[in-house]
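K.L.:
The structure that follows is given in the form of structure tokens.
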Amino acid sequence: MIEQDSEIIFNKRVAVDTFLIGLKSPLVAAEARPGQFVMLKVGRGMDPLLRRPFSICGIREENLILILYRIVGQGTRIMCDFRKGESLSVLGPLGSGFEMPHKGDMPILVAGGMGIAPLIFLASIMEPGSFSFFAGFGSAKEVVATDEVGSSGLDLSISTDDGSAGHRGLVTELLENRLAGFDGKTSPVVFACGPLPMLKEVAAITLDGVLSCQVSLEASMACGLGACQGCAIRRSSEQAIAYYHVCQDGPVFDVNVLDWGAL
Amino acid sequence: MVHPDLRVKIGALELKNPVLTASGTFGYGREFSSLIDLDLLGGIVVKGVSLKPREGNPPPRIVETPCGMLNAIGLANVGLESFLKEKLPWLQGLNTAVIVNIYGHTVEEYGAVAAGLSGVKGISAIEVNISCPNVEQGGMAFGTDPDMSAKVTERVVKETDKPVIVKLSPNVTDIRKIAVAAADAGADALSLTNTLTGMAIDIERRVPKLANISGGLSGPAIRPVSLFMVHQVVRAVKIPVIGVGGIVDYRDALEFLIAGARAIQIGTANFVDPRASLDIIEGLRIFCQDKGIDRIEDVIGTLKI
Ligand SMILES: Cc1cc2nc3c(=O)[nH]c(=O)nc-3n(C[C@H](O)[C@H](O)[C@H](O)COP(=O)(O)OP(=O)(O)OC[C@H]3O[C@@H](n4cnc5c(N)ncnc54)[C@H](O)[C@@H]3O)c2cc1C
Ligand SMILES: Cc1cc2nc3c(=O)[nH]c(=O)nc-3n(C[C@H](O)[C@H](O)[C@H](O)COP(=O)(O)O)c2cc1C
Ligand code: FES
């Protein structure tokens, strides 16, 4: 893990309010694994003060890290105005990544909104055709085309809340349909990232079916390093200590270790 | 070219430079060890240690505010025993001052933690966080009452052979009264300030943004407040004062040193830039060189009024 001023190679709009930024960060890129994140210093002065956490969406040409982000507030609004050639301090790669599926597993990737970012990275290092990938968005204009983010050829099934693209409804319905098709010869393993209500539903489905599932979570973060203890999240009651720290123990967790009722 | 001498003395405690990292913002040091050379620091103040491990508050524990942040971590820590067994051995390998921040909920607890650290190799000093609720006094913070502050200080001083730094809360009407009480009770030095109590509200959901409702404000937003308190306290006591609050660069650090602080601590800035403390040390060095100042000591307390 390092902190490095990184040149912005591009920063382009890929869907409504959604951008992909490419940062030249050779040392971060060399270490990064799917599920890990970086802390970006987006403010130039004292406001906003803290770094912002973003999942690594991919690595390109060995030295470029890709970040997919949506404008939701002050920091991301500043980010979308960044120009090619400017630079930005990147701290990372941080956190634990996904535990890779084993031979014979049937991976199912389930994304909600920007939760697609770490799953695109995960998909990019798996055998094409060896997994299913479901992504939910609000509407068609929010849909991130995967060739836009440099992952062409990903076979993605889309759902939208309003039915303007793909399945009309929740992405977890696509997951349930897919699970219903399993015959017991292969074991499905689920990888999920997205808004909390979606993850709760994924947790309910996979816990109920006793399926292996890893989720990538978010929390408010100050340091990203395990130093401030700001990013606490409740462990399930079977665990000895009450809290995990998302930045260090996560952001990827086995669905069994968390207290979903307290999230 | 002169090579300025950055060493400072805080009573019996000698530091290679006046820049320390503040408690709770630098973990147990190790979290930053792959990012910066910790041996270049004047010292590290570790996360507050209590007698028993503490889980801390429910989340959300932090929220950003203009030029600062609120935290309600709830003093989560591994507890004295694990600190000594699991965290300290690594810290003992460093070539910098290690200061252990402690807290308790009763005078006895403070005393017990101090006693547990007494005589232990590799600990340069104890910093006593008195911004904690006193459970025997209806939860009122020790640090808001001169008598309670004096009692805690007296007990800690009695239980340990280490230099004792008492860390003052800014959430008081006249910080000089607390400062004088701690100094008279035997503190070797004072550090100030801790965080200022505040809150933030989510206007959509109409709930506090922190699960704990209130939290401690830190970062550049509090710097003028901390600075003025340092200015006041330096004039009220004879023991050394360490300045803390919103310092992000060497100019901020100089303000505190000129006001009379003999060292400073860097807190929230570590989150923004893990190199902040080292950059401040370098900035102080260059400042002295440019001004032809031989020793940083010659800057301390030079405020002209
Ligand atoms: C490990 C991790 C990975 C992330 N990966 C991505 C990613 O790949 N792409 C992406 O677009 N976003 C990602 N996020 C969320 C991203 O960090 C926030 O959207 C960003 O910090 C918002 O900053 P802002 O200044 O624009 O918004 P602010 O002004 O800080 O906040 C605006 C709104 O966003 C909400 N918000 C702020 N921070 C977070 C957060 N950490 N989690 C959830 N909601 C938040 C606030 O509550 C508020 O409602 C990730 C968060 C974490 C913790
Ligand atoms: C996340 C966080 C945790 C903290 N934990 C402690 C603590 O355990 N003990 C303590 O005395 N002060 C603690 N503090 C206070 C800092 O040490 C410091 O006094 C305060 O943040 C002001 O300095 P700053 O503005 O440079 O951050 C904490 C501050 C923050 C932001
Ligand atoms: S963000 Fe500081 S410990 Fe996780």
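K.L.:
Across segment B:195-208, what is the total count of residues that are under 26 Å from B:V244 (Cβ atoms) and out of contact with any Ser or Thr (no Cβ under 9 Å at 6 or more places or on another chain)?
P.N.:
Counting residues in segment B:195-208 that are under 26 Å from B:V244 (Cβ atoms) and out of contact with any Ser or Thr (no Cβ under 9 Å at 6 or more places or on another chain) gives 0.
K.L.:
Taking the residues in segment A:1-21 that are part of a strand (DSSP E or B) and within 12 Å of chain B (Cβ to nearest Cβ) as candidates, determine which candidate is surrounded by the fewest Cβ atoms within 10 Å (Cβ to Cβ).
P.N.:
My answer is A:D5.
K.L.:
Return the total of residues in segment A:161-186 being touching a Gly at 6+ places or on another chain (Cβ under 7 Å) and surrounded by 14 or more Cβ atoms within 10 Å (Cβ to Cβ).
P.N.:
Residues in segment A:161-186 being touching a Gly at 6+ places or on another chain (Cβ under 7 Å) and surrounded by 14 or more Cβ atoms within 10 Å (Cβ to Cβ): 4 in total.
K.L.:
Looking only at segment B:13-55, count every residue that is within 18 Å of the chain's Cα centre (by Cα) and part of a loop (DSSP other than H, G, I, E, B) and tell me the total.
P.N.:
Qualifying residue count, segment B:13-55: 14.
K.L.:
Closer than 28 Å to A:T160 by Cα and modelled with pLDDT under 95: is that true of A:E127 in this structure?
P.N.:
Taking the combined requirement at face value, the residue satisfies it.
K.L.:
Which condition breaks for B:W90 when tested against (1) closer than 24 Å to A:M221 by Cα; (2) away from ligand 2 (no atom under 16 Å from the Cβ); (3) in contact with a Lys or Arg (Cβ under 9 Å, 6 or more places away or on another chain); (4) not charged (D, E, K, R)?
P.N.:
Evaluating B:W90 over (1) closer than 24 Å to A:M221 by Cα; (2) away from ligand 2 (no atom under 16 Å from the Cβ); (3) in contact with a Lys or Arg (Cβ under 9 Å, 6 or more places away or on another chain); (4) not charged (D, E, K, R) leaves (1) as the failure.
K.L.:
Being within 15 Å of ligand 3 (Cβ to nearest atom), surrounded by fewer than 24 Cβ atoms within 10 Å (Cβ to Cβ), in contact (Cβ under 8 Å) with a residue 24 or more places away in the chain and β-branched (V, I, T) is the filter here; which residues of segment A:210-255 pass it?
P.N.:
A:I233
K.L.:
Another question about this same structure. Hey, can you tell me all the residues within segment A:116-137 that are within 14 Å of A:M100 (Cα to Cα) and part of a loop (DSSP other than H, G, I, E, B)?
P.N.:
Listed by number, the residues that qualify are A:I125, A:M126, A:E127, A:S130, A:F131.
K.L.:
Right, something else. Any idea which residue in segment A:48-76 is nearest to ligand 2 (Cβ to nearest atom), counting only those that are away from every other protein chain (no Cβ under 13 Å) and among the small types (G, A, S)?
P.N.:
Ranking the qualifying residues of segment A:48-76, first place goes to A:S55.
K.L.:
Keeping to segment A:230-254, report how many residues are within 13 Å of ligand 2 (Cβ to nearest atom) and either farther than 11 Å from B:P58 by Cα or more than 8 Å from chain B (Cβ to nearest Cβ) (or both).
P.N.:
Result for segment A:230-254: 2.
K.L.:
If you go through segment A:196-229, how many residues are more than 14 Å from chain B (Cβ to nearest Cβ) and under 20 Å from B:E64 (Cβ atoms)?
P.N.:
0
K.L.:
I'm told B:V172 meets every condition in (1) assigned to a loop (DSSP other than H, G, I, E, B); (2) in contact (Cβ under 8 Å) with a residue 60 or more places away in the chain; (3) surrounded by fewer than 24 Cβ atoms within 10 Å (Cβ to Cβ); (4) touching a helix residue (DSSP H, G or I) at 6+ places or on another chain (Cβ under 6 Å) except one. Can you identify the failing condition by its number?
P.N.:
B:V172 satisfies every listed condition except (2).
K.L.:
Here's a check for you: in segment A:22-49, which residue that is touching a Lys or Arg at 6+ places or on another chain (Cβ under 8 Å) and assigned to a strand (DSSP E or B) is farthest from A:V143 (Cα to Cα)?
P.N.:
Among them, the one singled out is A:K41.
K.L.:
Just checking, which of B:V120, B:V172 is away from every other protein chain (no Cβ under 14 Å) and either under 20 Å from the mean Cα position of the chain (by Cα) or within 16 Å of ligand 2 (Cβ to nearest atom) (or both)?
P.N.:
Matching residue, one of B:V120, B:V172: B:V172.
K.L.:
Just to be sure, is B:G79 without any contact (Cβ under 8 Å) to a residue 40 or more places away in the chain, within 14 Å of ligand 3 (Cβ to nearest atom) and open to solvent by less than 30 Å² (accessible area, probe 1.4 Å)?
P.N.:
no
K.L.:
Cβ-Cβ distance below 6 Å, separation of 6 or more or different chains: which pairs start in segment B:135-154 with a residue that is at positive phi and end on one that is outside any helix (DSSP H, G or I) and at pLDDT below 95?
P.N.:
Going by the 6 Å Cβ cut-off, the qualifying pairs are B:G139/B:P133.
K.L.:
Turning to a different aspect of this structure: Please go through segment A:50-72 and give me each residue that is in a loop (DSSP other than H, G, I, E, B) and at negative phi, ordered by number.
P.N.:
Those that are in a loop (DSSP other than H, G, I, E, B) and at negative phi: A:L50, A:R51, A:I56, A:C57, A:N63, A:I71, A:V72.
K.L.:
Only residues that are open to solvent by 10 Å² or more (accessible area, probe 1.4 Å), assigned to a helix (DSSP H, G or I) and either closer than 18 Å to B:I73 by Cβ or among the hydrophobic types (A, V, I, L, M, F, W, C) (or both): list them for segment B:102-136, please.
P.N.:
Scanning segment B:102-136 gives B:V107, B:A112, B:A115, B:V135.
K.L.:
Next up: For segment B:45-60, give me the residue count where each residue is open to solvent by less than 70 Å² (accessible area, probe 1.4 Å) and within 12 Å of chain A (Cβ to nearest Cβ).
P.N.:
So the count comes out to 8.
K.L.:
With respect to the numbered conditions (1) hydroxyl-bearing (S, T, Y); (2) away from every other protein chain (no Cβ under 12 Å); (3) within 29 Å of B:R30 (Cα to Cα); (4) within 15 Å of ligand 1 (Cβ to nearest atom), which one is the sole condition not fulfilled by A:T146?
P.N.:
(3)
K.L.:
Being away from every other protein chain (no Cβ under 14 Å) and under 28 Å from B:I293 (Cβ atoms), is that true of even one residue in segment B:98-105?
P.N.:
yes
K.L.:
If I filter segment B:1-12 down to residues being part of a loop (DSSP other than H, G, I, E, B) and not β-branched (V, I, T), which single residue comes out as surrounded by the most Cβ atoms within 10 Å (Cβ to Cβ)?
P.N.:
So, considering only residues that are part of a loop (DSSP other than H, G, I, E, B) and not β-branched (V, I, T), the one surrounded by the most Cβ atoms within 10 Å (Cβ to Cβ) is B:P4.
K.L.:
Out of the strands (runs of 3 or more DSSP E) lying entirely within segment A:155-263, which hold 3 or more residues that are in contact with a Cys (Cβ under 6 Å, 6 or more places away or on another chain)?
P.N.:
Hits in segment A:155-263: none.
K.L.:
Identify the single condition in (1) in contact (Cβ under 8 Å) with a residue 24 or more places away in the chain; (2) at the interface with chain A (Cβ under 10 Å from one of its Cβ atoms) that B:Q92 does not satisfy, given that it satisfies every other one.
P.N.:
Going through (1) in contact (Cβ under 8 Å) with a residue 24 or more places away in the chain; (2) at the interface with chain A (Cβ under 10 Å from one of its Cβ atoms) one by one, B:Q92 breaks only (2).
K.L.:
Of everything in segment A:68-93, what is in contact with a helix residue (DSSP H, G or I) (Cβ under 6 Å, 6 or more places away or on another chain) and either within 16 Å of ligand 3 (Cβ to nearest atom) or within 19 Å of A:G58 (Cβ to Cβ) (or both)? Give them in sequence order.
P.N.:
A:L68, A:Y69, A:R70, A:V90, A:G92, A:P93, listed by residue number.
The values are calculated or read from the model by the stated rules, or taken from the named source; none is laboratory data. Just so we're clear, the structure is a prediction, and the values are computed from it rather than from any experiment. Cβ coordinates were reconstructed from backbone atoms using ideal geometry, including for glycine residues, and neighbour counts include every protein chain displayed. Heads up: the accessible areas ignore ligands, DNA and RNA and are worked out on the full protein's heavy atoms, side chains in. Shrake-Rupley method; radii C 1.70, N 1.55, O 1.52, S 1.80 Å.
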